[in-house]
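What follows is a short report on a single structure.
The values are calculated or read from the model by the stated rules, or taken from the named source; none is laboratory data. All values reported here derive from a predicted model rather than from experimental measurement. FYI the Cβ positions are ideal-geometry reconstructions off the backbone, even for glycines, and counts take in every protein chain you see.
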Amino acid sequence: MARIGIRREDKSQWEGRAPLVPDHVGQLAREHGIQFAVESSPTRAFSDAAYATAGATVGENLDDCPIILGIKEIPLERLEANRTYVYFSHTIKGQAANMPALRRLLDLGSQLIDYERIVDDRGRRMVLFGPFAGQAGMIDSLWALGRRLEWEGTANPFSAVQPAHRYADLTAAKHALARVGETIRREGLPPGCPPMVCGFAGYGAVSGGAQEVYDCLPVEEVTPKDLASLPVYDRACFKVVFKEEHMAERVDASAPFGLQEYYDHPERYRGIFAPYLEHLTLLVNCIYWEPRYPRLVTKEVLSELYSGPKRPRLRVIGDVTCDVEGSIECTTHCTTPDSPVYVYDPSSGQTHDGVEGQGPVILAVDFLPCELPIDSSNFFSTALKPLVSALARADFSAPLDQSGLPAELQRATIVYQGELTESYRHLQEHLA
């Protein structure tokens, strides 16, 4: 079996996640005889000693490892010839920033397997951090709401919420939010806040994680059509989940909304989300988006919403998806956990860090699961572990369909023996 290396994450000082946790490294070594090497890291949430105890070799390089596992993008100078790299490459949409790395892998004759493309026979992702992006994003959004209300002069129970990375783990964060919920049940929300409404755009794994955290509060779920007639109730927080039919309609309004048609032909549809914004206190964006789809929130809509004499109800947009100028057009740049939010001023189009000023507070941390590194790594490692022995046994000198890789990993292989695989040949135009 090939020796597998686990690389040190070097894209951000905040990155403490690992693709395989020590317990799983030890289990794979005992049950399958796989040898592991781990690059020493001062920021990883799991200590070097824990990996050494699990049987891995811990050092400063992975020179003897033909297979290398990571999380985030790998610097060009760290890519080497005839290796198999498994990580989130962020190349499948032709992202310009990562085309040099894709070109480098082609030139080196290496392999690239992307976690994002490890899917089952029905196209469902199998190895992901999704729920934890939603969980961390929801915690941070409630923290931002508390700070925004403070700036407005309103004492509020959300002032007790801390950013996700300040909690020991998800359990500690949920216990803290449960205490906030008890305060709301006992004392109610402050004047001017009710009805407090959190809208969730999307209903997948990311949204599910965000809702799990929000449900620590006293929550009543409503439908989008209920928003215009909610009672001014101060002992609960309302929740509303938006699906595709709430976000878009056919340009030819005489035809009904068709979900599959929307996926296949989004050019036939236009955005209709704007009327909901005036009823929301907080919007958590968890949708998958590409430029061919209508935007969820445009700068023009925000300009109209904030142009009136009265301050809108909308205080915070937690853009968990975090596509710059994407589904949330006012997400102008990504942020980091030490400075996670900025205010977007719809009148000028300018932004400034913090929670003060005219316009919504934007949360735009693009690697939110790193704020819950132990929980998210354990979840991710559990999903990846069943595929590791087949990865270690694979023959990368053979054609892809004869390599021994299971179908899930074959589908996720973007580059093989220095060439784009058939499913990803379209990336050639982005490379050019």
Inset, instruction - Quick one: in region 8-31, of everything that is out of contact with any helix residue (DSSP H, G or I) (no Cβ under 6 Å at 6 or more places or on another chain) and of a type in the set (Gly, Ala, Ser), which residue is nearest to ALA136 (Cα to Cα)? - result: SER12
Inset, instruction - Name, by its number, the condition in (1) modelled with pLDDT under 95; (2) basic (Lys, Arg); (3) more than 27 Å from ILE374 (Cα to Cα) that does not hold for ARG125. - result: (3)
Legend entry - Filter result for the condition that a residue is touching a Leu at 6+ places or on another chain (Cβ under 7 Å) and under 29 Å from ALA96 (Cα atoms), over VAL320, VAL316, VAL284: VAL320
Legend entry - Pairs with Cβ under 7 Å, 6+ apart, first in region 2-22 and in contact (Cβ under 8 Å) with a residue 12 or more places away in the chain and farther than 17 Å from PRO163 by Cβ, second of a type in the set (Phe, Trp, Tyr) and crowded, with 18+ Cβ neighbours inside 10 Å: ILE4/PHE36; ILE6/PHE36; ALA18/PHE46; PRO19/PHE380; VAL21/PHE46; PRO22/PHE46; PRO22/TYR51
Legend entry - Candidate set: region 202-240, residues that are buried (at least 19 other Cβ atoms within 10 Å of the Cβ) and part of a loop (DSSP other than H, G, I, E, B); chosen: the one nearest to the chain's Cα centre (by Cα): GLY202
Legend entry - In region 128-160, the residues that are among the aliphatic types (A, V, I, L, M) and surrounded by fewer than 24 Cβ atoms within 10 Å (Cβ to Cβ): LEU128, LEU149, ALA155, ALA160
Legend entry - Subset of region 382-424 (residues that are assigned to a helix (DSSP H, G or I), more than 16 Å from ARG125 (Cβ to Cβ) and touching a strand residue (DSSP E or B) at 6+ places or on another chain (Cβ under 9 Å)): VAL388, LEU391, ALA392, LEU400, TYR424
Legend entry - Within region 241-357, helices (runs of 4 or more DSSP H) holding 3 or more residues that are over 22 Å from the mean Cα position of the chain (by Cα): 259-264, 274-277, 299-305
Inset, instruction - Of the conditions (1) surrounded by 22 or more Cβ atoms within 10 Å (Cβ to Cβ); (2) closer than 16 Å to CYS237 by Cα; (3) of a type in the set (Gly, Ala, Ser), GLY181 clears all except one; give me its number. - result: (1)
Inset, instruction - Kindly list, by first and then second residue, each pair from a residue in region 393-407 that is on the phi > 0 side of the Ramachandran plot to a residue that is surrounded by 12 or more Cβ atoms within 10 Å (Cβ to Cβ) and part of a helix (DSSP H, G or I), limited to pairs with Cβ atoms under 9 Å and residues at least 6 apart or on different chains. - result: GLY404/ALA390; GLY404/ARG393
Legend entry - Contacts under 8 angstrom Cβ, first residue in region 290-319 being touching a residue at least 12 places away in the same chain (Cβ under 8 Å) and under 25 Å from ASP140 (Cα atoms), partner basic (Lys, Arg) and crowded, with 17+ Cβ neighbours inside 10 Å, 6 or more apart: ARG315/ARG148; VAL316/ARG148
Inset, instruction - For LEU177, indicate whether it is modelled with pLDDT of 95 or more and outside any helix (DSSP H, G or I). - result: no
Legend entry - Enumeration of residues in region 82-116 that are modelled with pLDDT under 95 and farther than 23 Å from LEU387 by Cβ: LYS93, GLY94, GLN95, ALA96, ALA97
Inset, instruction - For region 274-329, enumerate the residues that are hydrophobic (A, V, I, L, M, F, W, C) and on the phi > 0 side of the Ramachandran plot. - result: CYS322
Inset, instruction - Being touching a strand residue (DSSP E or B) at 6+ places or on another chain (Cβ under 8 Å), under 21 Å from TRP151 (Cβ atoms) and among the acidic types (Asp, Glu) is the filter; apply it to region 299-355 and report the residue that is surrounded by the fewest Cβ atoms within 10 Å (Cβ to Cβ). - result: ASP353
Inset, instruction - Can you confirm whether region 185-201 contains a residue that is small (Gly, Ala, Ser) and in a helix (DSSP H, G or I)? - result: no
Inset, instruction - Find all pairs meeting these conditions: Cβ atoms under 9 angstrom apart; at least six residues apart or on different chains; first residue within region 417-431 and without any contact (Cβ under 8 Å) to a residue 40 or more places away in the chain and within 16 Å of LYS93 (Cβ to Cβ); second residue of a type outside the set (Gly, Ala, Ser) and in a helix (DSSP H, G or I). - result: SER423/ARG117; SER423/ARG411
Legend entry - Which listed residue, of LEU28, LEU79, LEU69, is modelled with pLDDT of 95 or more, over 25 Å from ILE374 (Cβ atoms) and hydrophobic (A, V, I, L, M, F, W, C): LEU79
Legend entry - Which numbered condition LEU112 fails, given (1) surrounded by fewer than 23 Cβ atoms within 10 Å (Cβ to Cβ); (2) touching a residue at least 60 places away in the same chain (Cβ under 8 Å): (1)
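Per-residue answers, yes or no, for (1) in contact (Cβ under 8 Å) with a residue 12 or more places away in the chain; (2) among the β-branched types (Val, Ile, Thr); (3) over 26 Å from ASP323 (Cα atoms); (4) not assigned by TED's automatic domain parsing to the domain that holds GLY326:
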| position | (1), (2), (3), (4) |
| --- | --- |
| GLU77 | no, no, yes, yes |
| ALA81 | yes, no, yes, yes |
| LEU145 | yes, no, no, no |
| ARG148 | yes, no, no, no |
| GLY153 | no, no, yes, no |
| ALA164 | yes, no, no, no |
